[in-house]
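Working notes for the structure below.
The values are calculated or read from the model by the stated rules, or taken from the named source; none is laboratory data. Since this is a predicted model, take the numbers as computed values, not measurements. No Cβ is skipped: glycine too gets one built from the backbone with ideal geometry, and neighbour counts run over all protein chains shown. Quick note on the areas: whole protein, heavy atoms, side chains included, nothing else; ligands and nucleic acids left out. Shrake-Rupley method; radii C 1.70, N 1.55, O 1.52, S 1.80 Å.
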Amino acid sequence: MRLSFLAPVLALLPAFVTAQYDVPSAPFKLVVLSDSSTLNGTVLYSCHEGASIEGLCTGGTSNPAYSTYTHNTSSNAGEVNETLGASGYLIWVLPGGTFNESETLTLNVNPISNVALPLFWPSIEDSTSVAFDSNGLLNIQGYFDDRVVPIVGSTSYVAYYRWYVCTTYYQGYTYQTLAWALGEFPPENPTCQAVSVKQVFL
Ligand SMILES: *[C@@H]1O[C@H](CO)[C@@H](O)[C@H](O)[C@H]1NC(C)=O
Ligand SMILES: *[C@@H]1O[C@H](CO)[C@@H](O)[C@H](O)[C@H]1NC(C)=O
Ligand SMILES: *[C@@H]1O[C@H](CO)[C@@H](O)[C@H](O)[C@H]1NC(C)=O
Ligand SMILES: *[C@@H]1O[C@H](CO)[C@@H](O)[C@H](O)[C@H]1NC(C)=O
């Protein structure tokens, strides 16, 4: 097996890099925490951004199916730092009437912007792993920092909380949605307001 030369490298990485996310959580909603009194407490919901593509919008929905999510983590993640939380897929089930379609969150990157759009997508191939920390706050974890020279990977993860609510545009749809700033700088979209996203079990 030619890939065996990779084994020492893979052994250094926390296990969930290659893990299957097979353990579903209880259902929850996603609540925005913000210094802005108009945004604080807003419940995010899945809003149409294309065929079987949804963003996370503010503004509310009367159908609880559109604001109910689950989080699949791994049964063989190895040691998880419970302070940061276990990484896994954020899942929304699209109620199609005659079918239910499980969709996972993927950060959609626009190469000319530092603002990425979290979207639910039917394919899990490019899904972004996310976690909820011990305070229930949504984060994305990384094990190396490209601002540091020389660049090195670490065996432990750092949690990042680069969430914003912004007016975003995706394939003809303009909404106020959750967004993610790529890298350490503030989002270039002037409508963005910093927020946290809290997991609140139903
Ligand atoms: C979540 O876990 C359940 C139970 O193992 C599994 O049936 C489902 O396919 C998983 N969903 C995703 C998107 O991985
Ligand atoms: C936002 O809402 C939370 C929970 O309701 C509350 O604890 C917090 O004080 C509020 N923050 C602001 C800035 O209003
Ligand atoms: C978990 O992560 C926190 C925050 O980065 C860190 O302070 C703590 O030492 C970590 N715990 C373990 C057991 O690695
Ligand atoms: C979709 O899921 C809902 C909620 O679990 C369930 O009531 C409904 O029967 C499902 N529909 C189909 C077509 O499987």
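Numbers at a glance
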{"item": "Filtered residues of the range 81-97 (kept if within 16 Å of ligand 3 (Cβ to nearest atom), on the phi < 0 side of the Ramachandran plot and in contact (Cβ under 8 Å) with a residue 60 or more places away in the chain)", "result": "Asn81, Leu84, Ala86, Ser87"}
{"item": "Single residue of Ala65, Ala86, Ala11 found to be small (Gly, Ala, Ser), over 22 Å from Trp163 (Cβ atoms) and at pLDDT 95 or above", "result": "Ala65"}
{"item": "Qualifying positions in the range 91-112 - within 18 Å of Leu178 (Cβ to Cβ) and surrounded by fewer than 16 Cβ atoms within 10 Å (Cβ to Cβ)", "result": "Val109, Asn110"}
{"item": "Among (1) buried (at least 20 other Cβ atoms within 10 Å of the Cβ); (2) more than 15 Å from Leu178 (Cα to Cα); (3) in contact with an Asp or Glu (Cβ under 7 Å, 6 or more places away or on another chain) - the single one Gly88 does not satisfy", "result": "(3)"}
{"item": "Pairs where the first residue, in the range 51-80, is more than 18 Å from Val93 (Cα to Cα) and the second is away from ligand 2 (no atom under 16 Å from the Cβ) and open to solvent by 40 Å² or more (accessible area, probe 1.4 Å), C-beta under 6 Å, 6+ apart", "result": "Thr58/Gln176; Ser75/Asp22; Ser75/Val23; Ala77/Ala15; Gly78/Ala15"}
{"item": "The lone exception for Thr168 - which of (1) in a strand (DSSP E or B); (2) closer than 20 Å to Lys198 by Cα; (3) open to solvent by less than 60 Å² (accessible area, probe 1.4 Å) it fails", "result": "(2)"}
{"item": "Test result for Thr174, free of Cβ contacts under 8 Å to residues at least 40 places away in the same chain and either closer than 19 Å to Thr106 by Cα or not in a strand (DSSP E or B) (or both)", "result": "yes"}
{"item": "Failed criterion for Ser67 (all others in (1) open to solvent by less than 40 Å² (accessible area, probe 1.4 Å); (2) within 16 Å of ligand 2 (Cβ to nearest atom) hold)", "result": "(2)"}
